[in-house]
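Q: Can you keep this structure in mind? I'll have questions shortly.
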Amino acid sequence: MDNQQPIEQEKRPYVKAELKRMIFHKEEEAFSIASVRVLETTENLKAEELIVKGHFTPLEEGETYIFHGYFEHHKKFGEQYVVEEYRRLLPETKDGLIAYLSSELFDGVGKKTAERIVETLGENAVPRILSDKQVLDQVPKMSAKIKDKLYYSLTEHRGFERVMVELTKHGLGLKTIQKIYGAFGDKTLDILEEDPYQFVFAVEGFGFHRADELARHRNLTHDHPTRIRAGCLYTLHQNLQAGHIYLPLETCLLEMEQLLHHPGESPLTYEQLSGEVIHLGEEKYVYIEEDRIYLPTLYFAENGFVTQVERILSGEMEVDFTQAELLKVIGSIEEEETMSYGKEQFEAIETALKEKMMVITGGPGTGKTTVIKGLLHAYSKLEDCSLDPKDYTKDVPFPFVLAAPTGRAAKRMNESTGLPASTIHRLLGWDGHQTFEKDSTNQIEGKILIIDEFSMVDMWLSNQLFRAIPSDMQVVVVGDEDQLPSVGPGQVLADLIASDVIPLIQLSEVYRQKEGSKIIHLAHAIKNDTCTLDMLKKEQDFNFIHAPDSRLNEVVTNIVAKAHEKSIDMKDIQVLAPMYRAETGIHEINRSLQNRVNPGSRNKREIEWKGNIFRKGDKVIQLVNQPEVGVFNGDIGEVAAIFRAEENIDHVEQVVVEFDTKEVTYAKKELSNIMLAYCTSIHKSQGSEFSIVVLPVTYQYNRMLKKNLLYTAVTRAKQSLILCGDPQAFIKGIRTKDTNQRYTYLQEKLKKETDFTYDEDEEDEALSPYDFM
Ligand SMILES: Nc1ncnc2c1ncn2[C@@H]1O[C@H](COP(=O)(O)OP(=O)(O)OP(=O)(O)O)[C@@H](O)[C@H]1O
C-alpha cells in the first residue's frame, strides 16, 4: 500500500473523513469503532457523520483518514462503514510549516501570523527569511520587533525546520520532535526514512505503534526484518520497565507476535520471529543464554554482578581478634548504650565483623540501625581505629563507608550513626548521565562498606557499585526484603538472600513494639500474614477512619487540614496513594489539598502550567534527576517565590523551590520537572520516612492493592499512621501477594547452577544502563 499516494489518484471507493471520537477499542484484537465527519467520498453517502468499524489501532481525534471498505446495516445502529484498509492523510508541507512557525519556539508568532508568512513567502519561507531578513517586510501586520525576534530565533534553530515540518506532518508535537532531533541531529530525516523504530528507543514515551505508522508511510512492510527486530527490542524494553532482567524465549516470541500482529495481514510465523531474534543475538543487540533473551546492559549487569560478588567473597580477610575479645568489646558497648543486644543482633554484628560479605534483613523496629551502630563501634574498638573522620588523611582514608540509594535514607544513616553517609550515586561519583568516576580501575576507599535500604537497589546500580568495591573491603548489605522491589530491573536483595551463598542474618524480634507502637505491630502482622480486621482499631499512634469512596477525598483533606491548623509542618505529614489517575488518585487529592491548605488569594502569587497551578507555599516533589543543580527524583521542597518575566534577567516566568539544603529555580517550561506533593506515590516514598502518614485505601486502587505495596506505605510512618477508606479493601490488599515474579537468573548464577560468561572489556563497550532511563 502506497501511503504517499495523493487522494485524487485513489481508484477504489473511499471515505475521506475527520475522526471525531473513538467509541470503542479492544486492544487484543485491535478492533475499534469510531465516529467520523465525512469530508469527501466516492461512496453513495448523504450523511455528514458516519460510524466506521474494523480492525484498527486507536486513531487520533481531529486527524484526517482515508477509509476503504463497504457499508453494512446494523439492526440497532443503522448504516456503518466496515473498514478493510485505512491510512492517515498527511498534512501538506504548508501545514507543517505553519505549525512550526506558530510553535512556542517563536515568541509572538501565532497561527494567524504564521499563515500570513507562509501565504506571502511560500513553502520556502524559512530559507528565504534566513538569506534576507527584509523579505519579512512583505508580510502584512508584523511589527518590527516580532520580525527581529523571528529572524534571530530562526537563525538559532537553523536546520531544525526541515525536521520539524516533516515530523509535524505525522502529528508529532514540538517536544517530541525536539527530543528526536536532540538524539539524531542532522541524521533525523535519514532515520525516519530507513528505521523510524529507532525513535522508540531514543525518546521516552514514543510508542511502538506510532513508529509503526511512520514506518507504514515509508513502505516498511509488516514482516520487514527491521520491524520484527524493533519489535523484539521493544518487547524486551517494555519488560525491563516491569522489572524483568531477561525474557524466556517463548514469552518473548509470544509478546512479539501480539505486538507485531497487523490486522488484515497474515500472522508472522515462529520462524520469522525467532530468526530475527537469533540475528539480533549474532549482532549482539541482544544476548541469548540458553532460552533466556537479554538486553545487553542487563546481561552484563547480571553476569558482572555475580563475578564481582565472587571476587569480593574470595578477597583477603584476616580476623585478628579472638571470641573473648569480641565478647568483651560487645559487653562494653552494651554498657555504654545501657542495653543488651538480642541473640540475632549479636550474630549480625559478629558475622559482619568476621565475614567478607553479609546480608542483614529485617522489618521495621528489629534493630537494623542498632546493629549498624554496634558494628561500627565494635569494629572501631577491635581494629583500634577512630570513628572521627578528622583523624584521617588522604593517605590513610576513613575506613567506614556508609551509603544508601536515596538522599533521605543516607541522611537518616548519617543522623543515626553520626558518621558521613552518602547516596550510592554520589559515592560512585555519578556525573548525572552515563559516567561513574568510581569503577573497577578507580575503586572506592575504606575498609568496610555498609549499604542500607538495599531492596531499592536495581541490577544496574548493584553491578556498578560492586565493580567499585576493592577486594579487601568488607561489605554489609542491609535491607527489608518485604518492601517493594527496586523501581529499576531486578530483585537483587531478594536474590542474594535466596541464593544461600552469602552469610545472612534475619532479624525477626521486634524491639520498637516493646515501646507500644501499633504501627510496627501492624507492619509485622502484615509481613507475617496475621493481620485481621480486629487489629484496625484506634490506638494512640493509629487510626482507621471508615469512609465511602464518595467522601474519601474530603476525609483525607480534612485530616491534613486539621494538622495544618495545629501548625504541623506539611513536611511532617504525608498522604500516600498508589495511583495517579483515579477519583481518589494522587492528582485529585493534591488538587483538593492545595485548595484547602494553600488556597489562592490576591496577594499570593501563582503560576499555571499545563492545567496545574503552583502557588507560593506549595509543597512540591522533584520528578527527575537534575544532578547539575543538586536535586534528585523524589526530593521534596516548597515553592519559595514566583517571578514574573519582567522581574528577572532571563525574561521568563520562574518558580523558586526551596529544598532541604538548596534553592532551585525553574523556568516556566521546566515546571514538568515538579508536581504538587501533598500526596505522593507509595513507590516514590521508598527510602523516606514521615512523622505522620495518611493512607487512603479503596477498591478503586484495585490492581495496585498488594501486600508489599501496603507494607511499604505503612512502614513509612514513624509516629502516627492514619488509614482511611474501606477496611475490607485494606485486608484484601495485604492478603494479595504480588505474583508478578520478575525474570532474573541471579539466584541460580550465584549458586553456580548455570554456566555463564562475562567479559568486562565487552561490558565497557556495551551501552550504559542510563541510555535506557
Ligand atoms: N536489643 C535492644 N534492646 C532494647 N532496645 C532495642 C534493641 N534493639 C533495638 N532497640 C530499640 O528499638 C527501636 C528500633 O530499633 P532500630 O531503629 O535499630 O530498628 P530498625 O530496624 O532500624 O527500624 P526501622 O527500620 O524502623 O528504622 C529503637 O528505639 C532501638 O533503640
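Coordinate-derived values only; no laboratory data. All values reported here derive from a predicted model rather than from experimental measurement. With ideal geometry, Cβ positions are generated from the backbone for all residues, glycine too; neighbour counts draw on all protein chains shown.
Q: Remind me, what semi-axes does the chain give for its equivalent ellipsoid, largest first in whole Å, using sqrt of 5 times each Cα gyration tensor eigenvalue?
A: Ellipsoid half-lengths, sorted descending, are 52, 32, 29 Å.
Q: Identify, among TYR81, GLY110, LEU130, the residue whose Cα sits farthest towards the positive end of the charge dipole of segment 69-147, taking +1 on the Cβ of Lys and Arg and -1 on the Cβ of Asp and Glu, with the dipole about the Cα centre.
A: Most positive-ward Cα: GLY110.
Q: Same structure again: Identify the chymotrypsin sites (Phe, Trp or Tyr not before Pro) of segment 618-711 meeting these criteria: DSSP loop state and at most 15 other C-beta atoms within 10 Å of the C-beta.
A: Within segment 618-711, no chymotrypsin sites (Phe, Trp or Tyr not before Pro) qualify (loop, at most 15 other Cβ atoms within 10 Å).
Q: With no solvent and one point on each alpha carbon, what is the Debye value of log10 I(q)/I(0) for segment 408-500 at q = 0.18, 0.23 Å⁻¹?
A: The Cα Debye sum returns log10 ratios of -0.89, -1.39.
Q: Would you please give the residues with an amide H less than 5 Å from that of LEU507, counting only those at least 5 places away or on a separate chain, with H modeled from the backbone geometry?
A: THR361, GLY362
Q: For the residue pair GLU193 and GLU318, what label-to-label distance in nm results when each label sits 7 Å from Cα along the Cα-to-beta-carbon direction?
A: With each label placed 7 Å out from Cα toward Cβ, I get 6.8 nm.
Q: I've got another one for you. Tell me whether segment 700-749 comes out rounded, prolate or oblate; compute the Cα gyration tensor, take square roots of the eigenvalues as a ≥ b ≥ c, and use a/c under 1.5 as the rounded threshold.
A: oblate
Q: Mind checking Rg over Rh on segment 560-632, alpha carbons, Kirkwood formula for Rh?
A: Dividing the radius of gyration by the Kirkwood radius yields 0.98.
Q: About the Cα centre of segment 334-441, how large is the charge dipole given +1 on each Lys and Arg Cβ and -1 on each Asp and Glu Cβ? Please answer in debye to the nearest 20.
A: Here segment 334-441 has a charge dipole of around 460 debye.
Q: Same structure again: Which one, TYR392, GLY446, GLY182, projects farthest toward the positive side of the charge dipole computed for the chain from Cβ point charges (K/R +1, D/E -1)?
A: The Cα lying farthest towards the positive end belongs to GLY182.
Q: While we're on this one: For segment 225-381, what percent of Cα pairs sit more than 22 Å apart?
A: Beyond 22 Å sits 60 percent of the P(r) for segment 225-381.
Q: Any chance you could list the semi-axes, whole Å, largest first, of the equivalent ellipsoid that the Cα gyration tensor gives for segment 316-457, using √(5λ)?
A: They are 26, 18, 14 Å, listed largest first.
Q: Next question. Mind sorting GLU628, GLU325 by how few other Cβ atoms lie within 10 Å of their own Cβ, fewest first?
A: GLU628, GLU325
Q: Can you say what percent of the DSSP beta bridges in segment 368-484, counting only those with both residues inside, are antiparallel? Round to 5.
A: If we restrict to bridges inside segment 368-484, about 15 percent are antiparallel.
Q: Ranking ILE177, ILE129 by Cβ neighbours within 10 Å, fewest first, what do you get?
A: ILE129, ILE177
Q: Please report the antiparallel percentage of the DSSP beta bridges confined to the chain, to the nearest 5.
A: 60
Q: If one takes the longest principal axis of the Cα atoms in the chain, at what angle in degrees, from 0 to 90 and to the nearest 10, does the Cα axis of helix 270-282 lie?
A: 60
Q: To the nearest 20 debye, what is the magnitude of the charge dipole of the chain about its Cα centre, counting +1 on the Cβ of each Lys and Arg and -1 on the Cβ of each Asp and Glu?
A: Dipole about the Cα centre, nearest 20: 3580 debye.
Q: What is the distance in Å between the Cα centroid of segment 432-501 and that of segment 205-267?
A: After rounding, the separation between the Cα centres reads 33 Å.
Q: Using Cα centres only, tell me the gap between segment 271-313 and segment 713-734 in whole Å.
A: Here the two parts' Cα centres lie 41 Å apart.
Q: Rounding to the nearest 10 and keeping the result within 0 to 90°, find how far the Cα-based axis of helix 249-260 lies from the longest principal axis of the chain.
A: 30
Q: For q values of 0.25, 0.35 Å⁻¹, compute log₁₀ I(q)/I(0) with the Debye formula on a Cα-only model of segment 338-378, without solvent.
A: Per q value, in the given order, log10 I(q)/I(0) is -0.87, -1.46.
Q: Can you pull out the trypsin sites (Lys or Arg not before Pro) in segment 360-422 whose DSSP state is coil and whose Cβ has at most 12 other Cβ atoms within 10 Å?
A: Here the trypsin sites (Lys or Arg not before Pro) that fit, given the DSSP loop and packing criteria, are LYS394.
Q: While we're looking at this one, here's another question. Classify segment 213-255 as rounded, prolate or oblate, taking a ≥ b ≥ c as the square roots of the eigenvalues of its Cα gyration tensor: rounded when a/c is under 1.5, otherwise prolate if a/b is larger than b/c and oblate if not.
A: prolate
Q: Under the rule of -39500 (n - 2.57) per DSSP H run of 4 or more residues, summed and divided by the residues of the chain, what mean residue ellipticity at 222 nm is obtained, to the nearest 500 deg cm²/dmol?
A: -11000 deg cm²/dmol
Q: Return, for the Cα atoms of segment 80-201, the radius of gyration and Dmax in Å, separated by a comma.
A: So, for segment 80-201, Rg and Dmax equal 16.1, 54 Å respectively.
Q: Between GLN443 and TRP609, what length in nm is gained on full extension when 0.36 nm per residue of separation is reduced by their alpha carbon distance?
A: 55.3 nm
Q: Show me the GluC sites (Glu not before Pro) within segment 88-155 that DSSP assigns to loop and that have at most 16 other Cβ atoms within 10 Å of their Cβ.
A: For GluC sites (Glu not before Pro) across segment 88-155 that sit outside H, G, I, E and B with at most 16 neighbouring Cβ atoms in 10 Å, the list reads GLU92, GLU104, GLU123.
Q: Can I ask one more? Please label the shape of segment 141-221 as rounded, prolate or oblate, based on the square roots a ≥ b ≥ c of the eigenvalues of the alpha-carbon gyration tensor (a/c under 1.5 means rounded; beyond that, a/b larger than b/c means prolate, else oblate).
A: Prolate is the answer for segment 141-221, as a/c is 1.5 or above and a/b outweighs b/c.
Q: May I ask you to derive the FRET efficiency for GLU282 and GLU84 from their Cβ-Cβ distance with R0 = 45 Å, giving the value to the nearest 0.05?
A: 0.70
Q: Now, a different point. What's the exposure ranking of MET570, MET357, going from fewest to most Cβ atoms within 10 Å?
A: MET570, MET357
Q: Normalized C-alpha radius of gyration of segment 250-320, against 2.2 N^0.38 Å?
A: Rg over 2.2 N^0.38 Å, computed on Cα atoms: 1.72.
Q: Here's a follow-up. Expressed in whole Å with the largest first, what are the equivalent ellipsoid semi-axes of segment 536-676 derived from the C-alpha gyration tensor as the square root of 5 times each eigenvalue?
A: After scaling each eigenvalue by five and taking roots: 30, 16, 15 Å.
Q: Now a separate question. To one decimal place, what orientation-averaged projected area in nm² is obtained for the convex hull of the Cα set of segment 189-282?
A: The Cα convex hull of segment 189-282, projected and averaged over all directions, gives 6.2 nm².
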